[in-house]
Every structure is written in structure tokens, then in C-alpha cells.
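The values are calculated or read from the model by the stated rules, or taken from the named source; none is laboratory data. Just so you know, these numbers come straight off a predicted model, no measurement behind them. Positions of Cβ are generated from backbone atoms using ideal geometry, with glycine treated the same way; all protein chains shown enter the neighbour counts.
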Amino acid sequence: MTVTHTSIEKPSLDIASVVNRRAAGHSLEAPFYTSQEIYELDLDVIFGRHWFFCATEAEIPEAGDYVTVNVGPHSVIIVRDDDEEIRAFRNVCRHRGARLLDQGCGSVGNIVCPYHQWTYRTDGSLVFAEYQPSTFDREQFGLRPVHVRTVGGLVFFCLSDEPPSDFDEFSRFVEPYLLPYDLRTAKVAHQTDIVERGNWKLVMENNRECHHCDVSHPELLTAYFPFNRHSEEDVPPRMRPLYERYKAAEAALTATRTAAGFPQEERRELDSRPTGFQLFHLPLDGAGASLGKGGEQVCKKLLGSITDPKFGDLSLHMQPNAWFHFLSDHAVVFWVQPLSPGETLVRTTWLVHPDAVEGVDYDVDALTAVWKATNDQDRALVEATQCGVANPGYVPGPYSTVEDDVEAFVNWYVKRIRSSLG
Amino acid sequence: MTVTHTSIEKPSLDIASVVNRRAAGHSLEAPFYTSQEIYELDLDVIFGRHWFFCATEAEIPEAGDYVTVNVGPHSVIIVRDDDEEIRAFRNVCRHRGARLLDQGCGSVGNIVCPYHQWTYRTDGSLVFAEYQPSTFDREQFGLRPVHVRTVGGLVFFCLSDEPPSDFDEFSRFVEPYLLPYDLRTAKVAHQTDIVERGNWKLVMENNRECHHCDVSHPELLTAYFPFNRHSEEDVPPRMRPLYERYKAAEAALTATRTAAGFPQEERRELDSRPTGFQLFHLPLDGAGASLGKGGEQVCKKLLGSITDPKFGDLSLHMQPNAWFHFLSDHAVVFWVQPLSPGETLVRTTWLVHPDAVEGVDYDVDALTAVWKATNDQDRALVEATQCGVANPGYVPGPYSTVEDDVEAFVNWYVKRIRSSLG
Amino acid sequence: MTVTHTSIEKPSLDIASVVNRRAAGHSLEAPFYTSQEIYELDLDVIFGRHWFFCATEAEIPEAGDYVTVNVGPHSVIIVRDDDEEIRAFRNVCRHRGARLLDQGCGSVGNIVCPYHQWTYRTDGSLVFAEYQPSTFDREQFGLRPVHVRTVGGLVFFCLSDEPPSDFDEFSRFVEPYLLPYDLRTAKVAHQTDIVERGNWKLVMENNRECHHCDVSHPELLTAYFPFNRHSEEDVPPRMRPLYERYKAAEAALTATRTAAGFPQEERRELDSRPTGFQLFHLPLDGAGASLGKGGEQVCKKLLGSITDPKFGDLSLHMQPNAWFHFLSDHAVVFWVQPLSPGETLVRTTWLVHPDAVEGVDYDVDALTAVWKATNDQDRALVEATQCGVANPGYVPGPYSTVEDDVEAFVNWYVKRIRSSLG
């Protein structure tokens, strides 16, 4: 008796052709959002070969503190070692492959395998392995390291042996902007994980435009203006008064930040480099301070060396998987983990001043209300889009004039895939 | 670091060989019921290129009323437009692909995308899309239409650009039989959706024989005779008295319908044409009127122009996915949606006279009792068969003499697949 | 409209290469634990062509008693026929393929298909099939038999038409060891099924070493010594006193069994033959009788012809899927069913003397406590390993000196796969 394994020949998708026929200014073809094969290509080319934002230093303040981060089937340990250096390792025992750390975060002395107690120091070196022959060389069996870098309290890893070298330039440019916020010593006030039933690229695309904000995000618009990449001629008459308020707030913010002596130059290198990013300022509406009711502060203590609560929103967009809002009184950090072609985890972390006391300086519900509501609204939009692009009736459509950061994300993605094809 | 994607070469199933070696008079080989590849072939060749029954006009009586219909990953909007014409469109926005209508049915003025509010009229034309450049031509971005036809109140769509042309002949033949029931103005009294864990072809095959009725469907046999395609010599001695009652009821029904001046010719073109169908009459047992206790009526108002409740059952079988029972006092409409290789949705809709009042003229439980019980019994049989054919120990077996409509369904299916292979 | 089925070419895994590059003394590469393709290869080569332990005779004591056993998509009926012979058949009707028996165990007169009542005797012959033409030959449509063998009350089947012939030698060697336990007439005291989210090979590998027992199995170590394949030089100083007690218990057990006139020769043919096995004795700690508190008996009646409760543990390990512990007062039988690449069912059956009365001679909780706890601990270890080996950061690691039965299992597996490749 033989079990017969049969499959019908399917016409293969020539990835080079699909990538090359991509129409500029249009959304991607369906397989980029739905196919297992392209998902695996993304894990390899995008998540396997680029710098991946994975945590803030605030999450692992003490020696022995760790988080584990999953990217598809990968699991990586980010740990602060005994010398307070941040290290990253594959979360796999070198003996028979058991997962070493099962929790998302915690604190350890050594890293001990639950199966046969192989024991590793937080620098990755193997210090104990029982019943091995005398020829066994412990030095050959340390944890497999993963490249890791930090920038102003933000932690990135790269699974590749040869990470993109332009990270240095990114780091040099961005760090001065982050230093005033002193995120290295910040405190995690809250963290949420939500799973969106959509491809990770739809989650990113949704983040890269505010065309949908006007109708979909009433809470967000109590503090933000519904403009992002809108030129003056884009603004419809009904929004003209709002736009004028926006321009005035922008001018005031520029004056404030310049007076404070903080760097002010914006940079938009979203699709021109491996470590694509954009750094820009957003003025706030209403009281103009933060995301409280009417634009009020949500934490009494301001971050780092900031003294004026009306300090706007310093926004950082990173390819492929993160975005950040740095406000005078708190920071909100967002990043995505792909789980499957049609599922993505979005982790949101709220950071406040290390001395801020819950219930005294801030209230968690008030601090997190706007982005919790906004995340959930975005989840619904991403899920409607996943449903739609999976429909064989879908054809890529044209981006509007205010969706050029979506286009930049897609351009970056297509370029990176293309360059991997050599 | 490179994620390595590996797979072992599997011997490919040459679809032409499998189709060509099909043994006449036998059930299909296992992959036709279990493989993802053949499921996708079915979506393409069977559901993508044939007329697919999807709704009754009674479900969308007013302008703006719609249903959405899923066929595998496809989603189609069936909507009555402002001119009361029935239209069908791909349920996908032409901008960035969001699903437009998320509910199974409802009523709209225009069709508005939830993402960026692109707005379409019920005739599919795009009337609003914000932030587009001046070169944008709205006429190019109407909803993608799907071919749609109605016959006597029954709605069919075809996803192909070139639908089978024999639908005209089918329509001409069948419509006169349906007109007396006046289904266009009928009222939906009840609708159920059940998911059967079996391939859609097993659901259809189960519908196409009553060999299993004798033991499995006690409720059904209070009204129907357990004969279908039984010739006189097929009838075992124990069933002889029942068979004689059946033949007498059949003769009486023919006389009644002829006296009423209704068309009487039966037609069985199940496997000889793309739009395969069978139209035939079934006499009823007991009181002979309908599916109530002892064969009594279940709705006081008779359909359309019918005046004699003892009007039998006009049965219509359609390839690939529907069957219908038209009785004097109600109609029951069944159709299947494939969900995956091993899952199929069966929707059952009960129609009554438009003026029939629930609780006065009919009781929903009494109206639906027989087919609810029968559907559930069939579900169990289909699921046992799916389990069995997925077992590598399964070999196709021979149909009995009373299963020739199953053979006709399988023949039709195999012919359609063959013809697609050119 | 055509649904396009596309896939990206993935580099194929050349199975011969992977098998040939396997490093001796190391765990297998990841695809052996995670890939659907290798899972299907395992179903074909390992489970489709070797003897598979599936039940004890005690589970089907009377004519008409049956169990159904699933191996991946296979389902097999094991039934005691009217002549008290044990038979095995494919659990599929020869008509249209319905699964015949839906329950895991039960008792039947004949085997009747639920769909159209085709009826088979317990010897597999077809005795009833309605509405077949006169040319129909019932003899051609009996149930498809599966090879089945019993050894001392243990039941094995083989799905292949040509089962490994070395089963005879295995049977001749092992049967004399089992006869004193008289398992044929034993009684099932308890049975549990647990699903471990790990590949079946990880479940087997975990069973084949006790390196992990010391830390993971406190309950087990109340009765057993944490040694298995430990040579004297393997024993660390902290365990030296325990090891001396172990050697003394081993000597006492040898004396007891020799005095009883029972066979004593051990045999370890784990990777040198298709029907790989190991038969050996394990002394017990504490009172030395069984798995009760402090090593006490857990059933008052001893099995078969055994008179001395301090009779140790006769252990039998079988490739590919079973292991057994035969004690003086009960036997525990373990076997695994692969469910998917990452899921395995482990069935555990406790057997006692046929006259033992629950609540009088034994208490189910006390009888099963040690192995229920141990099974659950092993489940957690297997699941941690499945998580780890699925991580692309996993590389095969070296077995320790006390894991040579794991190496033997893997060797056997690799040899069997290799030999199937010709």
C-alpha cells in the first residue's frame, strides 16, 4: 500500500515578472497580500535582511531583563546582559532545539533550557551541558547571536549576517532628535497587543495616510488635524477653515521648537535606502499639548529636557514595520509582527517620564484612549481591505494625491524585493 | 541569514489523466473531494464559467436592496438598482480594494466604501472619489459588473466574461413552468444557512438520489414517496404496495395539472449541456397537498394562480449548485456555496404568497420542519462520506440502478472539466 | 474571468540529499519535524510500510467488539470476528466511500454503512447491497483487509501489502516474555488520549531517554531511578549514592526473575531491522513493587502467573510508535498516532488482572497518577521543542552519552526513509 501524494501543476508566478509589472501609483496585486509564498519571501527578504524595530530599552531596564520577539517562525531573545549591554540571540537551545524562553518578557540570571538544563550566560556563552563526552567543546555551542543596535532608546535587530550599513547614517541623523525625550530612562506605562486579520503590508499602508482619518477616527481628530501630505490645492472648500488653523499651528510649533534649540530639519527618505524612514513634525489642534480632552496634557511630568508642553508631535516612520509619536508628555511606539499572510500583530507601547506615578501624574485610560480607539478603527479598515483584495474581482487601484507615503512604502517594498532578485 | 523555503517534490497529478481514467458508473477518485488544487480548479472551471444560482428576486424586492454572495474567495453584490433592474458587481472598491458591503443583505442608497468613501450608484457608476488628480477619469472606475439573469424570479450570475449561451434555451423552457407560481412577488418566510463539512460535490451527489431516503429521512417520507428514478423492477417486494400507491398518485397529479392547463412535459438534460438541468413532477403521499402532518397544507394562501392545493411538487435540479421544490402553497429553494475543499454552505429559503401572514396563514416551524430535519440528516451523511473518501483506503464504488442522477451530475462535472482542458 | 492559481517557485528539498547529509549523533534538521511533505512521506514510508502497534486484545474481548484506529488520514477497523479471530479492515464503504464506523470503539453484529445500508460481516464479506444490477458480484466488494498480527495480547497492523517479514522473529523472541503476564485476558482499567502539539518523532525521541527525568519527572522518580543507558562513568558525583542503590536493585531483580524461571536475556535491536525493538528490565526504587507511594503495589491482584510483587519493570520499546511497561500488578501501554506535522495523539492504556475490581483491588487515581503526571510533563517538553525546531535559528545539536536510544530511533528512521528511496 502506498499513500499517493498528488498535486495538480499550477502555473507558477514568476516573481520577477510580477514585481516588474507593478504599476506606479497603484496598490499591489493580490498575491502580495494573500499568498503563502510571498509571505515567506517577505520573511526572507524584508524581515530577514533589514533592521527590524522590536522593543524600547525601557522594557528591559535591568541586567537579566529580556523580551522575546517573534517574526513569523523566528523567535529572538533581546536581553540586557550582566554588563548592561543589550544582546540578541536565537531563542533555541543548541542541544536538541527546545525553545529556551517561553514568555514574552521576564528576568533571568542565566538562560536555562527547560529540557536538559543546558545553561547559557546572558552574553550567550554555554556554561553547563551534562553527559557530554570529553571531546565536547562548550565554546562551539554558545547561543547564536543576532545583530542588535539601539538609537535613542529604540532597539532594532537584523537577522541577516550582513545588515544594511546605512543604519549608521540613520542613527546619526535621528539620535539628536530623540535625545531631548530621554527614552532610555523612560517608563512603560502601558502596552497592548492586537491581532489584525490582514497582511502586514496593509497594516503599514493604512498607517501611511490620513485620507481615511476624517471619517474613521473621531477620537484621533480631537487632537490631530486630518492632514498629512495634503498640499494646499488638495484641501476641499469644506475643510478650508480647518486647514488655515493647521497652518497657523504648524508655524507656532516651528517657532517653539526653534526657540528651544531642538533640531528642526525634516527628512523623508522612505524609499531611497534600505533603512527607509521619515522624520517630521505634526502640530496639534485644540489646547495643542497632547492627546487629552481638547488637546490637554495626559501626563503631568514632561519627558526628558522638554519644558513646554505645546511641543507638537515628532513623528518617525520606519520601513518596514514601525512608527512613533513623540509628544511632550509621553511617547507612543507602534510596531508590527507578521503572523501569517493574513494576520498581523500590532504592539503599542506608551512611555512616560520615569518618575511619573500612575494615578498621580497620569491615568492609564486617559493616556491610552485615543490610540486604543484609533487602533481598533484601523483594524476594521485593514480587515475590510484584506477581505477585498482576496476577492479575485480585485484589481489594483490608483492612489490619491494625499497617499504618497503609501506609494513610498510600496515603492520601498518593491525595490527591496527586486534588489533581492539580483 | 536566509530563511530557506524547501519542499519535497511530489509526483504531480496529471489532471487530464485523472479525468480521462474516470470509470463510468462509479464515484470519483478521492482528490476530487479533498484536494486544494482541484477545489481551485472547480472554482475556476465550474463556478467561474457557468451560471450560478444565487438568490430569489423575493430577497431584494425594493430598489437599493442587495444580497452579497460568496463563492470561495469571490464576493458578488446582487442589487436592485434605482430602475428596479437587478445588477451584479464585484464586491470590491476600485481604489484600494476594500470590501464594499460587509453584510449578507441590506438596503443602500449608494454603495459607499468604508475606507475612503469612494461612492458608487446602484448601477455601478462612480460618483465620488476625493483627492484625485485632474486627469482622473471616473468613468474608468465604476464597479466591475458581473453577468446576471433572472428566470421566473430566480437569479443567476456568471463570473465569466463569456457565459454559456444555452441559458436562453433553458430560460425559455423553464419560465412557463414557473410563471403560475409567481415567485417574483413572493415573500421570504424563512432562510437558513448550514455548513456541511464535506466537499460541495458530495452535497450535490447526496441531493441527486433518494436511495438513502428510506432509512435516513423519516420526516421527508411523511410527504414524499421514497422513489426517484426507480424503475418497476428496482422495487423490492417489501415496497410493492407503496410503489403502487406512488403510481396512482402520479397518475392523479398528471390529470390535475393537465386539467389546469399547466405545462406538463418533463425534461432531463442533466449532463448534455453547460446549463444542465432537470424539470420533473413528484406526486405527494397522504393528503397529497404539501409538507404538513399527513401531507396537509402548511400555508393557507396558495402561490400565484394555483387553485388546487393537491398540485404535487414541481422539482427543478440545476447544475452545478441548486435544487428547487415548488409546491402549491410554498416553494423551497436550496443552493450551495463552496467554502473550502471540505466545507460547503447550504442555504435554504422558504417562499410563500406575498399576502400570507405569519401566525395567521402559516407557522414557520410547521412550514420548515421537514426540510430542516432532512437537511440535518443529509449533513451527517455528507460528513460521513467526506471522512471516508479522505481515507487512503477508499476506492471508487459502483452506483446502484437508482443513482443515475448522481451519475449524471458526475458526468456533467467531468465533461465540463474535460472541456476546459481543451 | 479566470481565477488564476499562482505560486512562486520554491527551491525543492532533495530528500535524498537531506537524508544523506544527516550528521550522526545529532538531532534531525527542522523539516523532519515541521514540513507537510515529510509528514506525508512519514505516513507513506514509516506508517504505511511497517508494523504499527494499535491496540491490546483486552480492548476487544468479545466477538463483534471493535476499535477504530486513525493514522493521519487512514482509518482502520480492528474487530474480533464471529470466530474470535482478530481482523483489520479499511474503515470505508465499498459503495460510495462513507466512513462505516464513526466511534473509537464499540460492538457490532454486522458492519452496516449509515448511507445506503451496505452490510458486511465481521469477516469483511458483503452480505447486502440494494438496487444493484444482476451482474453485480458481491464477492468483489468485501471490505479491504489490512494485515494484522497479535503477540502476547498486543495487536499490530501493517497497511502495506507486503509487511516486513522480520515480525515473525520479533514475535518468537518477545512472546515468551509476555506470556507470564497473560495480557490476552487482562482488563482495561483506564485509558487516556492526549494531544501533544509536536511532531510524532519528537514524542518518540522524548520517550527514548531519561536524561530529562531528573528535573522534569518528580512523580516518576518516586518509583524509577533516573538512569537509562547511563554507564558508570556517566554518573555525576551527586548521583553516585543513587546509582549504587540502582545497581543493587538491578542485581536483586535479576535474581528474582531468574528464580521464577522467566526469560531474562535482554535484546536491543532498535535500528538494525525493520521491526526495531528493545526488551529490557528496569529495577524499581523504594518498596520496589510498583508505582504507588514509596514504590508500593497499586493493584492487589498480580498479573498472570506472577507471584512476587517485586518483579521490576519489563520494558518494551517498539519502532516506530509504541512503548510498554509490564509490572507485577499492572501494565501500561503507550502508543502514538500522528495527526499532522505538529500534532500527535498519545494513547495510554492501563491493564490489570481480569478479576481485579475497581475500588476493591485498585483505585484508578492511584493506578494512573504517576503516568498521567509524567505524560503531561513530557507534553510540555515536546511542545517547547516543536516551537524551537520550527525557529529558523535552530541547528541540529549533539546527543549526550545517555541519549543513545534517541540516536537509535533517529538512525532507524533515517535508514527506513533511505531504503524507501531505493
Could you please let me know if residue C:144 is in contact with a Leu (Cβ under 6 Å, 6 or more places away or on another chain) and not assigned by TED's automatic domain parsing to the domain that holds residue C:175? no
Tally of residues being away from every other protein chain (no Cβ under 11 Å), within 18 Å of the chain's Cα centre (by Cα) and farther than 14 Å from residue A:343 by Cβ across the stretch A:367-387: 6
Being more than 14 Å from every other protein chain (Cβ to nearest Cβ) and farther than 27 Å from residue B:194 by Cα is the requirement here; does residue B:355 meet it? yes
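Take the stretch A:209-228 and flag every residue that is in a loop (DSSP other than H, G, I, E, B) and within 10 Å of chain B (Cβ to nearest Cβ). Break it down into steps so the answer makes sense when it comes.
First pass over the stretch A:209-228, keeping only residues in a loop (DSSP other than H, G, I, E, B): A:209-212, A:217-219, A:223-228.
Passing the criteria: A:209, A:211, A:212.
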Among residues of the stretch C:116-134, those that are of a type outside the set (A, V, I, L, M, F, W, C) and either more than 33 Å from the chain's Cα centre (by Cα) or not assigned by TED's automatic domain parsing to the domain that holds residue C:92 (or both), counted: 7
Only one of these is within 12 Å of chain C (Cβ to nearest Cβ) and of a type in the set (Asp, Glu): A:139, A:162, A:175, A:130. Name it. A:130
Flagged in the stretch B:236-252 as surrounded by fewer than 18 Cβ atoms within 10 Å (Cβ to Cβ) and aliphatic (A, V, I, L, M), in numbering order, are B:239, B:242, B:248, B:251, B:252
Only one of these conditions is not met by residue B:151: (1) within 29 Å of the chain's Cα centre (by Cα); (2) on the phi < 0 side of the Ramachandran plot; (3) at the interface with chain A (Cβ under 8 Å from one of its Cβ atoms). Which number is it? (3)
Which of the numbered conditions does residue A:108 fail, given that it passes all the others? Conditions: (1) free of Cβ contacts under 8 Å to residues at least 40 places away in the same chain; (2) more than 13 Å from chain C (Cβ to nearest Cβ). (1)
Do any residues in the stretch B:321-333 that are within 21 Å of residue B:357 (Cβ to Cβ) have Cβ atoms under 6 Å from those of residues that are polar (S, T, N, Q) and assigned to a loop (DSSP other than H, G, I, E, B), where the two are at least six apart or on different chains, and which pairs are they? B:327/B:290; B:329/B:290; B:329/B:297
Residue pairs within 9 Å by beta carbon, gap of at least six or interchain, first lying in the stretch C:302-314 and more than 17 Å from residue C:361 (Cα to Cα), second of a type in the set (Lys, Arg), listed first then second, are C:311/C:257; C:312/C:257; C:314/C:257
Here the residues within the stretch A:26-81 that are polar (S, T, N, Q), touching a helix residue (DSSP H, G or I) at 6+ places or on another chain (Cβ under 8 Å) and within 13 Å of chain C (Cβ to nearest Cβ) are A:34, A:75
In the stretch A:120-129, which residues are surrounded by fewer than 17 Cβ atoms within 10 Å (Cβ to Cβ) and either in contact (Cβ under 8 Å) with a residue 60 or more places away in the chain or not in a loop (DSSP other than H, G, I, E, B) (or both)? A:127, A:128
Here are the criteria: (1) surrounded by fewer than 17 Cβ atoms within 10 Å (Cβ to Cβ); (2) aliphatic (A, V, I, L, M); (3) within 12 Å of another protein chain (Cβ to nearest Cβ). Tell me which single one residue B:92 does not satisfy. (1)
Examine the stretch B:257-266 for a residue that is of a type in the set (Val, Ile, Thr) and surrounded by 16 or more Cβ atoms within 10 Å (Cβ to Cβ), and state whether such a residue exists. no
Boolean, residue B:349 is surrounded by fewer than 23 Cβ atoms within 10 Å (Cβ to Cβ) and within 15 Å of the chain's Cα centre (by Cα): yes
Hey, can you tell me all the residues within the stretch C:1-29 that are modelled with pLDDT under 95, within 28 Å of the chain's Cα centre (by Cα) and within 23 Å of residue C:386 (Cβ to Cβ)? C:15, C:18, C:19, C:22, C:23
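Matching residues to (1) surrounded by 16 or more Cβ atoms within 10 Å (Cβ to Cβ); (2) basic (Lys, Arg); (3) more than 23 Å from residue A:71 (Cα to Cα):
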residue: A:180; (1), (2), (3): yes, no, yes
residue: A:186; (1), (2), (3): yes, no, yes
residue: A:192; (1), (2), (3): no, no, no
residue: A:199; (1), (2), (3): yes, no, no
residue: A:224; (1), (2), (3): yes, no, yes
residue: A:228; (1), (2), (3): yes, no, yes
Filter pass, residue B:15 being β-branched (Val, Ile, Thr), surrounded by 22 or more Cβ atoms within 10 Å (Cβ to Cβ) and not assigned by TED's automatic domain parsing to the domain that holds residue B:355: no
Every residue from the stretch A:388-422 that is part of a helix (DSSP H, G or I), closer than 19 Å to residue A:342 by Cα and either facing another protein chain (nearest Cβ under 7 Å) or small (Gly, Ala, Ser) (or both): A:388, A:389
In a loop (DSSP other than H, G, I, E, B) and outside the structural domain of residue C:120 (by TED's automatic domain parsing): which single residue out of C:84, C:29, C:37, C:62 fits that description? C:29
Exactly one of C:305, C:328 is among the hydroxyl-bearing types (Ser, Thr, Tyr), assigned to a loop (DSSP other than H, G, I, E, B) and under 21 Å from the mean Cα position of the chain (by Cα), and that residue is C:328
Please verify whether residue A:390 is closer than 24 Å to residue A:24 by Cβ and not charged (D, E, K, R), treating the condition exactly as stated. yes
Taking interchain pairs and intrachain pairs at least six residues apart, which have beta carbon atoms under 8 angstrom, with the first residue in the stretch C:62-86 and hydroxyl-bearing (Ser, Thr, Tyr) and the second surrounded by fewer than 17 Cβ atoms within 10 Å (Cβ to Cβ) and in a strand (DSSP E or B)? C:66/C:105; C:66/C:106; C:66/C:107; C:68/C:105
When you check residue C:141 against the structure, is it touching a strand residue (DSSP E or B) at 6+ places or on another chain (Cβ under 8 Å), of a type in the set (A, V, I, L, M, F, W, C) and over 14 Å from residue C:97 (Cα atoms), yes or no? no
